[in-house]
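Bear in mind that the values in this text are calculations on the coordinates, not laboratory data. Here the structure is a predicted model, which is why all the values come from computation and not from measurement. With ideal geometry, Cβ positions are generated from the backbone for all residues, glycine too; neighbour counts draw on all protein chains shown.
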Amino acid sequence: MALIDLALQGSVAAETDPIFERVERIIPRVEWPLHAPYVAAINRLKRERKAVILAHNYQVPEIFYTVADIVGDSLALAMKAAETDADVIVLCGVHFMAETAKLVNPSKTVLVPDLRAGCSLAESITAADVRLLRSAYPDTPIVTYVNTSAEVKAESDVCVTSGNAVQIVEALQAPRVIFLPDEYLAKYVASQTNVEIIAWKGHCEVHERFSGADVARFREGDPTLTVLAHPECPPDVLAEADFVGSTQGMSEYVGRLSESGGARVLLMTECSMADNVAARYANVDFVRPCNLCPHMKRNTLPKILHSLEAMEYEVTVAPEIAQRARRAVERMLEFSRQPRD
Ligand code: 13P
Ligand code: SF4
């Protein structure tokens, strides 16, 4: 459906002008007429379909701030997906996030705007690989990052996200765990606990492109720089960082920097994250090395509109897989709901 209305007249303008205020610091006024008709149509259709849009922190600002009802990291999206009473969940993120939403709230229709939105970590390991590891280490718990397929989750004891991996590995009280599939996240967890970690060699194609030398170069240009890094980055990047955390953790850290008077920040993570955080904190300045996640970027406003119009593309999980995968995800959510010290 061609919706572009460059004149941006009448009801679309009335409906979307207040929404534009949320993004005016990052989207030029001249570009808004390209987005506004889609924003208005999506928001209308969302109400008709009793749908909710969940958007990951890596979504572009014109999705993140204008049509999303819930935004956050993988953990927050999983928790909110479990709680929603909407009939339809449109997951603007990547495929494993939509599968997780379906696992935790199976009676809902879960849609993705583009079925090709995958993840290099999820593709790095299969259920057969996990079964082989299980047979080699029968008594060792298998901890699996949520960035995996439902089939891989089904072979696992518990799932984790970057926001709770350390806490859950410690809570298992095992001397050794198998941690799949992100090698760098596994190494980061190992650096934070006394638990022996057996890792897989999966990598995030976005974060593995950063290096410690990149951070050192940026710091040379500005020694006051505060460096925040996602734990999917290689160890030499994490060694240079002032803070390591999930996308949500990084966003909250920037909030604290803003409260204490502002800062100049380098975010070692996907590009749109800095745009979304910058829109919120006027007194924080961002250095922006830009590594894009091509999978996250498959979601666009026109595709979201199509998704709601055609009720496509539905994400389902075969019942025999879902039952076992759900157990691993639910176990993670139970850990995460427990109050921390
Ligand atoms: P978060 O859970 O930190 O949002 O990370 C998800 C992800 O895919 C990072 O690349
Ligand atoms: Fe997967 Fe990396 Fe993209 Fe996150 S940023 S979805 S880990 S490829």
Calculated from backbone phi, Karplus (6.51, -1.76, 1.60) coupling profile of the stretch 198-205 in Hz, x at Gly/Pro:
9, 10, 9, 9, x, 9, 7, 5
Please state the relative contact order of the stretch 107-250 as a whole percent: Cα pairs under 8 Å, 6+ residues apart?
19
Kirkwood Rh and Cα Rg combined as Rg/Rh, the stretch 61-159:
1.02
Within the stretch 245-286, DSSP-loop trypsin sites (Lys or Arg not before Pro) with at most 11 other C-beta atoms within 10 Å are none
Rounded to whole Å, give me the distance from the Cα center of the stretch 18-49 to that of the stretch 143-203.
39
Could you give the Stokes-Einstein D for the chain in µm² per second, using the C-alpha Kirkwood radius, 10 °C, 1.306 mPa s?
76
Strictly over 25 Å apart at the Cα level, which of Lys108/Lys303; Lys102/Lys153; Lys187/Lys297; Lys80/Lys297; Lys102/Lys201; Lys50/Lys80 would you flag in this model?
Lys187/Lys297; Lys102/Lys201
Phi-based couplings in Hz for the stretch 179-184 (Karplus 6.51, -1.76, 1.60; Gly and Pro marked x):
10, 10, x, 8, 4, 6
Would you grab the residues whose amide H sits under 5 Å from the one on Val71? Only those 5+ places off in sequence or on another chain, please, with H modelled 1.01 Å from N.
Ala55
Taking only C-alpha pairs under 8 Å that are 6+ residues apart, what is the relative contact order of the chain in percent?
21
DSSP-assigned coil residues among trypsin sites (Lys or Arg not before Pro) in the stretch 291-341, each with at most 13 further Cβ atoms within 10 Å
Arg340
Ranked Val39, Val23, criterion: other C-beta atoms within 10 Å, fewest first:
Val23, Val39
Residues in the stretch 155-179, backbone N under 11 Å from the label point at Tyr137 (7 Å along the Cα-to-beta-carbon vector): list them, ranges by number please.
175-179
Gaussian network model of the chain, Cα within-10 Å springs - most flexible of Asp157, Asp275, Asp139:
Asp139
Low-density loop trypsin sites (Lys or Arg not before Pro), the stretch 111-183, at most 15 other Cβ within 10 Å, DSSP non-H/G/I/E/B, are Arg116
